[in-house]
Structure formats: C-alpha cells, structure tokens
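One structure, as structure tokens, below. Some questions next.
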Amino acid sequence: MELKGEKQESSEDSGGSKGKMTLLLALVALVSAFGSSFQYGYNVSVINSPAPYMQDFYNQTYFKRNGVPMDSSFQTLLWSLTVSMYPLGGLFGSLMVWPLVNNCGRKGTLLINNLFSIAAAILMGTSELAKTFEVIILSRVIVGIYAGLASNVVPMFLGEISPKNLRGAVGVVPQLFITIGILVAQILGLNSILGNAEGWPVLLGLTGIPSVIQLLILPFFPESPRYLLIQKGNEEQARQALQRLRSWDDVDDEIEEMRREDRSEKEEGRFTVLSLCTFRGLRWQLISIIVMMMGQQLSGVNAVFYYADRIFQSAGVDSNNVQYVTVSIGAINVVMTLLAVFIVEALGRRILLLTGFGLCCVSCAVLTLALNLQTTVSWMSYLSIVCVIVYIIGHAIGASPIPFVMITEMFLQSSRPAAFMVGGSVHWLCNFTVGLVFLYMEAGLGPYSFLIFCAICLATIIYIFFIVPETKNKTFMEINRIMAKRNKVEIQEDKEQLKDFQTVPGGQAEKKETFNSEL
C-alpha cells in the first residue's frame with residue numbers, strides 16, 4: 001500500500017545523495033537569507049546607536065519650521081513612533097504573506113518584496129537632505145512591511161526546498177542572518193563609524209544594498225518545487241527545480257511524496273486564515289505555533305537588549321565603552337545561532353526549544369534577584385551580566401530560530417501560507433506590544449518586570465513539553481500523522497476516507513484515515 005511506499009521513501013531519502021547539502025541549495029539559502037532576513041535584523045537595531053543624533057535632527061527640523069523648540073512629550077511620542085512603526089509594518093507585511101506566496105510563488109514574493117526595502121532605504125537615506133523627519137517614520141513602516149514578509153517567506157521557501165534531513169539546519173539560517181544583521185548594525189552604529197551626527201542617514205540607507213544584490217542574483221535560482229507541483233500543477237518544472245537543487249537526476253521519491261501530499265490536499269482545497277482557524281484537524285498545530293510565537297516575543301528578548309546598556313553601566317562599565325559591550329553581546333548571539341544550525345539536526349527541535357526557553361526562564365529569575373540586590377551586594381552586578389549572556393544564549397539556540405522552522409514542518413502545502421500568516425502576525429503583534437508596554441512596565445515594576453518574562457517562559461516550556469512533537473528527519477506527511485492523533489480527527493467519518501484502504505490492517509487503516517481527514 002501507499003503507506004509502505006512512504007516508509008520506503010523516507011528510509012531511502014534519509015541516506016543516499018538526495019539528503020546532501022548541494023552547492024545550489026547552500027547558495028539559495030545564503031542569498032535569500034542575506035537579501036531578506038539580514039535586513040530584518042539590521043533594522044531592528046539600526047536606530048539604537050544614532051538615536052540621540054536623530055532626535056536632535058527631529059528637534060532642529062521642527063525648530064526651523066515653527067520657530068519654537070519641540071516640547072519633550074511630543075519628542076518622546078515621535079521617537080516611540082519611529083521605533084514602534086517597524087513592528088507595526090511587520091504586522092502588515094505578515095498579513096500580505098498569504099495572497100502573495102500563493103499568487104507569485106515563494107521566490108517571486110521575495111523579489112517583489114525587495115522593492116519595499118529599496119524604496120525605504122532611499123527615503124531614509126535622503127531624509128536629512130529633504131529636512132523631513134516624517135519620511136523616516138513612514139520609511140520605518142515600509143521597511144517593517146518588508147521585514148514582515150521576509151521573516152515569513154524565507155523560512156517557508158527554504159523549508160520547502162530542503163531535503164528532510166537538512167530542513168532544520170537550513171531553516172535556522174534565516175535566524176542566523178537576522179542576528180548577523182543586528183551585529184552589523186551595531187558595529188556600523190559605533191560612534192567612530194556611522195553612529196554620529198553626519199553618518200546616521202547613511203547608516204539607515206545602507207539597508208537597500210542587500211536587496212539590490214538579491215534582486216540581481218535570486219532570479220537565476222529555482223522556485224520551490226512544492227509550489228510548482230502542488231499549487232501550480234506543473235510537474236515538469238518541479239522535477240527540473242528539484243534536480244537542480246539536489247544535483248541528482250533521480251528525484252522520483254520526492255516527487256511521489258509531493259504527489260501524495262497533493263492528492264490528499266485536493267479534498268480540502270486551499271486554506272484561508274479563517275478556514276485554518278476553524279478546521280479541527282489542524283487545531284493543535286495552530287495553537288502550538290501561536291504559543292511558540294508568543295513565547296518567542298513575550299519572553300522579553302527585546303527588554304533584555306534594551307536593559308543591557310544599563311545593566312553594564314551599573315556593573316561599572318564606562319558609558320563610552322557600553323556600545324562595545326553591546327556589540328559583543330550581538331556577537332555571542334551570532335555565534336550561538338550558528339551553533340544551532342549545526343546541532344538542530346542532531347539534537348532535534350524539542351530539546352533546543354526546551355533548553356532555550358529553560359535558560360531564558362532561569363536567567364530572568366536570577367536577573368530579577370541580581371538587579372534588586374546590586375546596590376547592596378557588590379558582585380551582583382556581575383551576576384546580572386552573566387544572566388544577560390545566558391539569556392541571549394538560550395534565545396539564540398532555541399526560542400528565536402526554532403518556532404519558524406516548526407511552522408514549515410507542522411503544516412502541509414495548502415495550509416502553510418495561512419499558518420505563516422497567523423504565526424507571523426502573532427510574532428509582530430507581540431513584538432509591537434512589548435515595545436509599547438515595556439517602558440511603562442519598567443517604570444511601574446522596575447526589575448520585577450523580568451518576573452513576568454520568567455513566567456511566560458515557564459508557561460511556554462510546559463506547553464512544548466506536553467504538546468509539541470519532535471519533527472526531526474520526518475516527512476511533512478509523517479509529522480501530519482503524529483499531529484492528527486493529537487487532534488483526534490480519526491473520530492470524524494469522511495465519505496472518501498477508506499476508499500482504497502479496505503485491505504490495510506486495522507491499525508494502519510486508522511492511521512491513514514487520520515491524515516486523510518486531517519488534510
């Protein structure tokens with residue numbers, strides 16, 4: 001029966017040459033991650049260093065127009081808009097994922113998306129010449145839309161083109177480039193480089209360069225074979241794309257697996273966000289990605305980055321040198337995410353998620369203690385530095401990269417774009433909320449605000465431990481069957497369900513029936 005074929009295909013596929021990292025696959029991963037994910041990271045931290053110079057520019061521009069200086073509350077409002085318009089744009093970008101990837105393809109969406117980034121880079125780079133700060137705020141929305149699309153489409157694209165035994169490693173590459181983007185922005189933002197009164201427009205405008213590079217190179221790479229076969233119904237193009245990606249002519253097993261996915265999906269049709277949210281067969285997958293995305297953003301990673309400077313200053317680091325310490329934290333983030341690329345296939349997703357959130361949980365708890373006691377106990381300020389570093393390590397190996405890998409893996413082709421749209425929207429909405437609420441939380445609770453993050457990490461750990469399955473080295477259909485048991489969809493009687501499986505022994509028939517109704 002087909003089930004045997006599935007098992008056979010998976011055993012062959014996990015060995016053989018099909019599972020190897022080919023040069024083309026590596027290039028596609030690097031170009032799409034550098035051209036898209038890199039800028040998400042870059043724009044997260046690019047305005048931190050030049051903030052005082054940009055605020056001066058806001059003030060001077062306002063003064064030249066109106067003849068009176070800007071009052072401080074208005075300046076605070078403008079600056080918080082400058083910061084928070086980015087995640088808000090990210091939310092809008094996430095809402096555009098479903099229509100774009102279904103109509104233009106994964107590669108097509110990445111190419112179209114570059115236009116947002118290039119437009120925003122030109123506007124931000126020329127804002128000082130044009131003597132307008134409104135353009136900067138508008139550009140932050142545009143570059144946010146860009147990042148919102150990039151943060152969802154790159155993991156989807158890379159997850160679909162990778163062989164199953166490399167899917168986790170390739171899926172962490174976008175997160176690696178996000179951290180590299182953060183680090184590059186921190187380095188270029190040093191006062192001695194571009195983080196000064198003359199250099200900041202250049203610093204903001206540089207974000208367009210990776211986009212131009214991607215726009216020139218990506219068209220020569222293949223589109224996602226799954227998109228070509230399952231959504232476009234073009235098997236010949238899918239086969240050619242797959243042969244190029246695997247640098248291997250015999251791709252029948254993978255094509256057959258896609259066909260099987262395609263057949264079982266024909267019955268359900270394509271999912272919209274609404275049908276995804278109401279479909280019982282995908283209930284736990286949907287809850288899982290929402291929990292993981294909320295955990296990722298609400299675990300306080302932004303707060304730790306905001307607080308880092310102050311934590312180091314209170315530990316006695318000279319205020320002129322704090323920026324170098326921030327860069328070193330960015331470097332730790334990159335190194336640990338790079339480590340995740342290499343260990344995700346060996347250890348699996350669950351262990352990295354649980355370890356990552358566990359480290360974040362413990363370091364938030366200890367950080368609360370350390371921040372409270374640092375005025376009375378002299379060495380506590382050093383403990384808080386250790387906590388920040390442990391927190392960053394935890395987030396970099398598990399909490400940051402793995403949830404996006406899991407969205408690709410827990411959903412099949414028809415529901416994946418809608419799932420990324422939901423996951424991405426939750427990601428950016430929570431990011432926006434933390435950015436908005438954290439300053440008030442900090443004012444009201446001080447160091448105790450980290451206890452809230454600690455509780456959120458703990459809740460996420462408990463959920464992952466009991467609900468989220470290991471997806472390492474499994475085909476999308478196998479993962480789907482595991483989740484179908486959890487959704488208890490075998491109870492639903494479907495009219496076409498056992499059409500060609502009467503002869504299969506009980507247990508297997510039940511399994512097959514499970515994923516038929518699941519899909």
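Specify which of the listed residues (A396, A365) is under 14 Å from S299 (Cβ atoms) and under 18 Å from the mean Cα position of the chain (by Cα).
Details: A365 fails: under 18 Å from the mean Cα position of the chain (by Cα).
Result of the check over A396, A365: A396.
Still on this structure, I have one more. Being among the polar types (S, T, N, Q) and closer than 30 Å to G424 by Cα, is that true of even one residue in segment 57-70? Steps first, please.
First, the residues of segment 57-70 that are among the polar types (S, T, N, Q): 59-61, 66.
If we keep only those that are closer than 30 Å to G424 by Cα as well, we get none.
Within segment 57-70 (the criterion being among the polar types (S, T, N, Q) and closer than 30 Å to G424 by Cα), the answer is no, since none of the residues qualifies.
For segment 436-448, how many residues are of a type outside the set (A, V, I, L, M) and surrounded by 13 or more Cβ atoms within 10 Å (Cβ to Cβ)?
Filtering segment 436-448 for residues of a type outside the set (A, V, I, L, M) gives 438, 440, 442, 444, 446-448.
Retained after the next criterion (residues that are surrounded by 13 or more Cβ atoms within 10 Å (Cβ to Cβ)): 438, 442, 447-448.
Summing the residues that are of a type outside the set (A, V, I, L, M) and surrounded by 13 or more Cβ atoms within 10 Å (Cβ to Cβ) in segment 436-448 gives 4.
Among the residues of segment 172-192, is any touching a Lys or Arg at 6+ places or on another chain (Cβ under 9 Å) and either over 30 Å from Y306 (Cβ atoms) or modelled with pLDDT of 95 or more (or both)?
Looking only at segment 172-192, we keep the residues that are touching a Lys or Arg at 6+ places or on another chain (Cβ under 9 Å), and these are none.
No.
Moving on to the next point. In the list S224, S211, S192, which residue meets the criterion of being free of Cβ contacts under 8 Å to residues at least 12 places away in the same chain and small (G, A, S)? Working first, answer last.
Values: S224 fails: free of Cβ contacts under 8 Å to residues at least 12 places away in the same chain; S211 fails: free of Cβ contacts under 8 Å to residues at least 12 places away in the same chain.
Only one candidate passes the filter, namely S192.
Here is a further query. Tell me yes or no: at least one residue of segment 489-499 is over 22 Å from the mean Cα position of the chain (by Cα), open to solvent by less than 60 Å² (accessible area, probe 1.4 Å) and at pLDDT 85 or above.
No, there is no match, as no residue in segment 489-499 is over 22 Å from the mean Cα position of the chain (by Cα), open to solvent by less than 60 Å² (accessible area, probe 1.4 Å) and at pLDDT 85 or above.
Does segment 293-303 contain at least one residue that is in contact with a Leu (Cβ under 8 Å, 6 or more places away or on another chain) and surrounded by 21 or more Cβ atoms within 10 Å (Cβ to Cβ)?
Going residue by residue through segment 293-303, those that are in contact with a Leu (Cβ under 8 Å, 6 or more places away or on another chain) are none.
Scanning segment 293-303 turns up no residue that is in contact with a Leu (Cβ under 8 Å, 6 or more places away or on another chain) and surrounded by 21 or more Cβ atoms within 10 Å (Cβ to Cβ).
Related question: Assuming T433 fulfils every condition listed in (1) over 18 Å from the mean Cα position of the chain (by Cα); (2) open to solvent by 40 Å² or more (accessible area, probe 1.4 Å) apart from one, which condition is it?
(1)
Also: Taking E235, is it open to solvent by 10 Å² or more (accessible area, probe 1.4 Å) and not β-branched (V, I, T)? Let's see the steps before the verdict.
Working: open to solvent by 10 Å² or more (accessible area, probe 1.4 Å): yes; not β-branched (V, I, T): yes.
So E235 fits the description; yes.
Could you list, in sequence order, all residues of segment 386-413 that are open to solvent by 10 Å² or more (accessible area, probe 1.4 Å) and assigned to a loop (DSSP other than H, G, I, E, B)?
Result: S400, single match.
Something else now. Quick one: would you say R263 is open to solvent by 70 Å² or more (accessible area, probe 1.4 Å), at pLDDT below 80 and of a type outside the set (S, T, Y)?
Working: open to solvent by 70 Å² or more (accessible area, probe 1.4 Å): yes; at pLDDT below 80: no; of a type outside the set (S, T, Y): yes.
The answer is no for R263.
Restricting attention to helices (runs of 4 or more DSSP H) lying wholly within segment 158-249, give those where 2 or more residues are farther than 30 Å from N59 by Cα and outside the structural domain of N333 (by the TED database).
Numbers: elements: 167-188, 200-205, 208-217, 235-246.
Answer list for segment 158-249: 167-188, 208-217, 235-246.
Going by the conditions given, is F279 aromatic (F, W, Y), over 17 Å from F411 (Cβ atoms) and crowded, with 17+ Cβ neighbours inside 10 Å? Spell out the reasoning first.
Working: aromatic (F, W, Y): yes; over 17 Å from F411 (Cβ atoms): no; crowded, with 17+ Cβ neighbours inside 10 Å: yes.
Criteria not met by F279.
Looking at (1) in contact (Cβ under 8 Å) with a residue 12 or more places away in the chain; (2) open to solvent by less than 50 Å² (accessible area, probe 1.4 Å), can you tell me which one V317 breaks?
(1)
State yes or no: is A346 assigned to a helix (DSSP H, G or I), among the small types (G, A, S), modelled with pLDDT of 95 or more and open to solvent by 20 Å² or more (accessible area, probe 1.4 Å)?
Numbers: assigned to a helix (DSSP H, G or I): yes; among the small types (G, A, S): yes; modelled with pLDDT of 95 or more: no; open to solvent by 20 Å² or more (accessible area, probe 1.4 Å): yes.
It is false that A346 is assigned to a helix (DSSP H, G or I), among the small types (G, A, S), modelled with pLDDT of 95 or more and open to solvent by 20 Å² or more (accessible area, probe 1.4 Å).
Of everything in segment 305-314, what is surrounded by fewer than 19 Cβ atoms within 10 Å (Cβ to Cβ) and under 16 Å from S381 (Cα atoms)? Give them in sequence order. First the steps, then the outcome.
Start the filter on segment 305-314 by keeping residues that are surrounded by fewer than 19 Cβ atoms within 10 Å (Cβ to Cβ), which leaves 306, 309-310, 313-314.
Those that are surrounded by fewer than 19 Cβ atoms within 10 Å (Cβ to Cβ) and under 16 Å from S381 (Cα atoms): D309, R310, Q313, S314.
Here is a further query. In this structure, does R310 turn out to be among the charged types (D, E, K, R) and in contact (Cβ under 8 Å) with a residue 60 or more places away in the chain? Talk me through it step by step, then tell me what you get.
Values: among the charged types (D, E, K, R): yes; in contact (Cβ under 8 Å) with a residue 60 or more places away in the chain: no.
No, not satisfied.
The values are calculated or read from the model by the stated rules, or taken from the named source; none is laboratory data. Computed from a prediction, not measured in an experiment: that's the story for all the values here. We place every Cβ from the backbone using ideal geometry, glycine too, and count neighbours over all the protein chains shown. Surface accessibility is based on the protein's heavy atoms, side chains included, excluding ligands, DNA and RNA. Shrake-Rupley method; radii C 1.70, N 1.55, O 1.52, S 1.80 Å.
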